[in-house]
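Undergrad: I'd like to ask some things about the structure below.
Bear in mind that the values in this text are calculations on the coordinates, not laboratory data. Keep in mind it's a predicted model, so treat the numbers as computed, not measured. Here Cβ is always computed from backbone atoms with ideal geometry, including for glycine, and neighbour counts include all displayed protein chains.
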Amino acid sequence: MKIIKDLAISESGFVFNPLTGESFSVNEIGVSIINYLKKEENLQQILMSLHEEFDVETNELEKDFNDFVNMLKYHNLILD
Amino acid sequence: MKKIYQRPTITKINEGMPSKFGNRATLKAITKIDGIDVHEIINKYGSPVFVVSEKTIREKYKQAYSAFSTRYPKVQFAWSYKTNYNDAVCRIFHQQGSWAEVVSGFEYQKAINNSVAGNNIIFNGPSKSDEDLVLAINNRSLIHIDHFDELYQIIELTKTLSERPQVAIRMNMDTGVYPQWDRFGFNYDNGEAWTAINRIMMNEKMDLRGLHAHIGTYMMTPEPYKVAAFKIATLANKIKQKWQHSISYIDVGGGFASQNTLKGAYLPGTDTTPSFDQYAQAITDAILSADFDPQNMPFLFLETGRALIDDAGYLLGSVLANKRLADGRRATILDVGVNILFTSFWYEHEVYPTKETGFQTEDTILYGPLCMNIDVVRQSIKFPLLKKGDNFVIKRVGAYNMTQWMQFITLRPKIVLIDTNGEMHVIRNNETLDVFKDSEIIPEHLR
Ligand SMILES: Cc1ncc(COP(=O)(O)O)c(C=O)c1O
């Protein structure tokens, strides 16, 4: 599982896919997750980092995180 | 310190094409109803729960009454029972001065139990039994005849009763609205109504008291009422000429729109619904321009339903779950479905969070809790990111829901009234399994 190469993302959450020309907006934690995904492939590791950064229960985080990753796949921003 | 958490979201940006309701600022939360915290209401009475604001009912009624009474001297509202026949709700309207408008023997009994005087009950509808009619005749209620079979049924009854039936006819007519409602009453334009009137006037044992038309519901412009009121007034004058008989009232029915947004509408109802003043202007203009004897003007009756009660009703509930559909859309499952929110078949109901949720919303489909495909509360709504257990408030649900709700799959919830002093009262209890135990009968061989 890999986030697409050259995916552009700004601090404010603007995301641009140079392969398709599509753009998206993500929220603050969405920015963090995409930045983590660019560096790190181990999802468990990313979850732990997010848990340290944000005030949230692990179950809730895991549910939302998986949903978000699925949405990235749905928009073809992550390739299997 | 850790950062405040909000669940991650991603939204595709579609250039230049804001979605239909997409340009509006984020939803404000509804945290209180008439000063009472909505969480307190849910904690005390459960979720879901209907809440009715007595203050709003009284205010709306006063607005509507003054819109008409400042333009025309003789105005009488009759509360349309089917819209919301909870006894407490009806009694608020009756205290304000409303009569009762009923369409069945059951509603008629409710009005009597609410201490409405018999001659202050308007009895409409296509279904009246002999028993209903005898009661209504003896109470001198205003019977609005729907069809010839009913007219002859009443003529038959006059042979044995001593009271004179007090009657009016319901009419349907072309007012420029399509589709025209022609299933209730006698047709005006083809002369059927005139035939019925003559038949009544020839009978020596009943009194023609009024003329009635309910031209449709959710009328988005006042113009059709002007046409209807003018046609009715013209007919009243024709009766005067031929029979030297003055009718005592013109009843223009209900049908004023509330501020809900109809499905498929382009603009929200809050921007497009005419005011009471606009409806009143159209109707009273038409009556005043007809040639009535100034000493003997007819009463103007109104059977306004939803426009008087929609705003006073709220439905409070909780999120049961969130899920993601195969096409990527977010779906949120509520504990409120079409079983108790019947009007979600017609309206794009406004659904609000009960806490400030920040600026994010996601295109969401709102499902009810029923295991049925039809159970959709909103097909598409920009909705904040509520979690399982979070509460929400659905606005403007006072009309038709608390009467047309179904006992289906789940039991019906409580209705709570907030009075004008901010006190809460349960005005209808939630159903329990006992409702079934009391009415279902198991035959001996199945026990
Ligand atoms: C005869 C009659 N009067 C009044 C009403 C109330 O209508 P509304 O709620 O649209 O004002 C109805 C509703 O259908 C009706 O049939």
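Undergrad: Determine the gain in length on full extension of the stretch B:Lys205-B:Ala117; use 0.36 nm per residue of separation and subtract their C-alpha separation, reporting nm with one decimal.
TA: 29.5 nm
Undergrad: So if we plug the beta-carbon distance of B:Lys387 and B:Ile442 into 1/(1 + (r/R0)^6) with R0 = 41 Å, what FRET efficiency do we get, rounded to 0.05?
TA: Computed FRET efficiency for B:Lys387 and B:Ile442: 0.45.
Undergrad: Provide a whole-number value for the mean count of partner chain Cβ atoms within 10 Å of the Cβ atoms in peptide A:52-64.
TA: Across A:52-64, the average partner-chain Cβ count within 10 Å equals 3.
Undergrad: Still on this structure, I have one more. Kindly state, to the nearest 0.05, the FRET efficiency for B:Ser129 paired with B:Asn296, given R0 = 41 Å and r defined as their beta-carbon distance.
TA: My answer for the efficiency is 0.70.
Undergrad: Order the peptides B:128-136, B:72-80, B:395-403, B:197-205 from the highest to the lowest mean number of other Cβ atoms within 10 Å of their residues.
TA: B:395-403, B:72-80, B:128-136, B:197-205
Undergrad: Taking neighbour counts of Cβ atoms within 10 Å as a proxy for exposure, in what order, fewest first, do B:Lys159, B:Lys110 appear?
TA: So the residues, fewest neighbours to most, are B:Lys159, B:Lys110.
Undergrad: List the chymotrypsin sites (Phe, Trp or Tyr not before Pro) within the range B:324-363 that DSSP assigns to loop and that have no more than 15 neighbouring Cβ atoms inside 10 Å.
TA: Qualifying residues, ordered by number: B:Trp346, B:Phe359.
Undergrad: Per the helix-only calculation at 222 nm, which mean residue ellipticity applies to the protein assembly as shown, given -39500 (n - 2.57) for every DSSP H run of n ≥ 4 and division by its residues, nearest 500 deg cm²/dmol?
TA: -9500 deg cm²/dmol
Undergrad: For the range B:151-168, take each phi angle, set θ = phi - 60°, evaluate the Karplus expression 6.51 cos²θ - 1.76 cosθ + 1.60, and give the result in whole Hz per residue in order, putting x for glycine and proline.
TA: With the stated coefficients, the range B:151-168 comes to 4, 6, 4, 5, 4, 4, 5, 4, 5, 10, 9, 8, 5, 8, x, 9, 10, 9 Hz.
Undergrad: With a cut-off of at most 14 other beta carbons within 10 Å, and DSSP calling the residue loop, which GluC sites (Glu not before Pro) in chain A qualify? Please list them.
TA: A:Glu11, A:Glu40, A:Glu41, A:Glu57
Undergrad: Still on this structure, I have one more. Label B:Thr410 and B:Asp285 with points 7 Å out from Cα along Cα→Cβ: what is the distance between them in nm?
TA: With each label placed 7 Å out from Cα toward Cβ, I get 4.7 nm.
Undergrad: Another question, then. In the structure displayed, which of B:Lys62/B:Lys382; B:Lys82/B:Lys238; B:Lys60/B:Lys414; B:Lys12/B:Lys32; B:Lys110/B:Lys355; B:Lys82/B:Lys323 lie more than 31 Å apart, Cα to Cα?
TA: Checking Cα-Cα distances, B:Lys62/B:Lys382; B:Lys82/B:Lys238; B:Lys12/B:Lys32; B:Lys110/B:Lys355; B:Lys82/B:Lys323 exceed 31 Å.
Undergrad: Apply the Karplus parameterisation 6.51 cos²θ - 1.76 cosθ + 1.60, with θ equal to phi minus 60°, to every residue of the range B:43-60 and state each ³J(HN,Hα) to the nearest whole Hz, in sequence, with x for glycine and proline.
TA: 4, 7, 10, x, 10, x, 8, 8, 10, 10, 9, 5, 4, 5, 4, 5, 5, 4
Undergrad: Sticking with this structure for a sec: Among A:Leu43, B:Leu385, what is the fewest-to-most ranking by other Cβ atoms within 10 Å?
TA: Going from sparsest to densest Cβ surroundings: A:Leu43, B:Leu385.
Undergrad: Convert each backbone phi in the range B:409-416 into a coupling constant with the Karplus relation 6.51 cos²θ - 1.76 cosθ + 1.60 (shift: θ = phi - 60°), then list the ³J(HN,Hα) values in order as whole Hz, x for Gly and Pro.
TA: 6, 10, 8, 7, x, 6, 10, 10
Undergrad: Multiply the residue gap between B:Asn190 and B:Tyr266 by 0.36 nm, knock off their C-alpha separation, and tell me the result in nm, one decimal place.
TA: That works out to 23.8 nm of additional length.
Undergrad: Expressed as a whole number of Å, what is the distance separating the alpha-carbon centroids of the range B:318-393 and the range A:60-80?
TA: Rounded to whole Å, the Cα centres lie 21 Å apart.
Undergrad: Here is a further query. Can you tell me the length gained on complete extension of the stretch B:Lys62 to B:Asn421, counting 0.36 nm per residue apart and subtracting the Cα distance?
TA: Length gained, B:Lys62 through B:Asn421: 127.4 nm.
Undergrad: Among all the lysines, which ones have a C-alpha under 22 Å from B:Lys231's C-alpha, if same-chain residues fewer than 8 places away are not counted?
TA: Cross-link targets: B:Lys74, B:Lys240, B:Lys242.
Undergrad: Same structure, new question: How would you rank B:Val49, B:Val102, going from fewest to most other Cβ atoms within 10 Å of each one's own Cβ?
TA: The most exposed by this proxy come first: B:Val49, B:Val102.
Undergrad: For B:Phe345 and B:Thr234, FRET efficiency with R0 = 25 Å and r from the beta-carbon atoms, rounded to 0.05?
TA: That pair, B:Thr234 with B:Phe345, gives E of 0.10.
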